[in-house]
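What follows draws every value from the coordinates through simple rules; no lab data is involved. These figures come from a predicted structure and were not determined experimentally. Virtual Cβ from ideal backbone geometry, glycine too; neighbours counted across all protein chains shown.
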Amino acid sequence: MICTFLLLCGCPKSDAQRQTPSARRQSESAAAAAGRLETEGGKVAANKEDRLAEEKTGDILQKKSESENQPLESTSASTTSEVENNTAEEPMEKPRDLGPPLVDHPETLTKLHPIYPVWIDKNNKQVVIMGEICQTNVPLEMFACLRGTKEHESIVAVPVEAYIVHTALLAMGAKAGKPVQFMPKYAPATGSEIDITVRWKNKKGEVQTARAQDWVREMRTRKALDQPWIFGGSGFWKDESTGKEYYQAEGGDFICVANFPSAMLDLPIESSESNADLLFQAFTERIPPRGTAVTLILKPKSEHRSSKP
């Protein structure tokens, strides 16, 4: 099953690590995440429909692997802890049809979920996601968020669950590190660098390609973002009243340009989430109109970025 690849790194986060830089962000992420990725006794609970969907997904992957006579990739148990049956408690409603992914050989992709538009490309070791433009002229905290979460401060919204993409990145060789820390002092996110490419069609139907960084403008220099995204891997927070745990990135902190301990992908530089101190904005003239379907291609790089002492 694809979910056997979901090996979330490290020990449970301390209270200081779980805290977002502001109480507003913490409560916002908690509310949005509730009812999504829920665990009991270290195992993620799922309803019958979700379990059947995941079993079907696992069957697809296994058949694909057997047909190619290649084993599916896994990650080292010595550096990660396994979370089984990692499915959402209530699936998202079916997203609108965003069309086929704009990749060179779509027939080689393996779909990871019967509803959500997310695939792995085993030949090129990359993850493919469909989304759409939600903003073109705003200050940014995210490059991409999960649909229905942070669209007011993101360029792209993707109708997927974060845990599926986390799983897929691990399966494609990425190594989850640690999210950003603010206590006792700032330490950037660590983990594999993830190259992100965006593809879309212009008004003439011609496929266009750009680096995701080229859509993000640094406010002071007015130049495109020059930093990579790092697979910090988010973490869990616990509802103390119930003892249940939630995967923090399901609150919307998916591909971030402001630092959050809940981010799945983050920048390796200090970047405030305070509205007055935001560092980045949408590079308006480079971004297609709102509602445009886009393909995100996430490709792990071989090196693993660690914090500097």
For this session: Take each of the peptides 109-119, 237-247, average the number of other beta-carbon atoms within 10 Å over its residues, and list them starting from the highest.
Result: 109-119, 237-247
Problem set entry | Cα coordinate range in the range 175-295, projected on the principal axes (Å, largest first) | 54, 31, 28
Exercise. Between the range 207-262 and the range 119-149, how many Å separate their Cα centres?
Worked result: 10 Å
Exercise. Along the range 191-208, what does the Karplus equation 6.51 cos²θ - 1.76 cosθ + 1.60 (θ = phi - 60°) give for ³J(HN,Hα), rounded to whole Hz, x for Gly and Pro?
Worked result: x, 5, 6, 10, 6, 10, 10, 10, 10, 7, 10, 7, 4, 8, x, 8, 6, 10
Problem set entry | Peptides 197-203, 186-192 ordered by average Cβ neighbours within 10 Å, highest first | 186-192, 197-203
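Take each of the peptides 123-132, 257-266, average the number of other beta-carbon atoms within 10 Å over its residues, and list them starting from the highest.
Values: 123-132: 21.6, 257-266: 29.4.
In descending order of packing, they fall as 257-266, 123-132.
Which semi-axes, in whole Å and largest first, does the equivalent ellipsoid of the range 145-245 have when worked out from the alpha carbon gyration tensor as the square roots of 5 times its eigenvalues?
After diagonalising the Cα gyration tensor, the semi-axes are 28, 19, 16 Å.
If you count the DSSP beta bridges with both ends in the range 118-174, what percent of them are antiparallel, to the nearest 5?
On the way: 6 of 9 bridges.
Percent antiparallel among DSSP bridges in the range 118-174 is about 65.
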Exercise. Taking a threshold of 30 Å on the Cα-Cα distance, which of the pairs Lys150/Lys185; Lys175/Lys203; Lys125/Lys238; Lys94/Lys238; Lys125/Lys244; Lys111/Lys178 fall above it?
Worked result: Lys175/Lys203; Lys125/Lys238; Lys125/Lys244
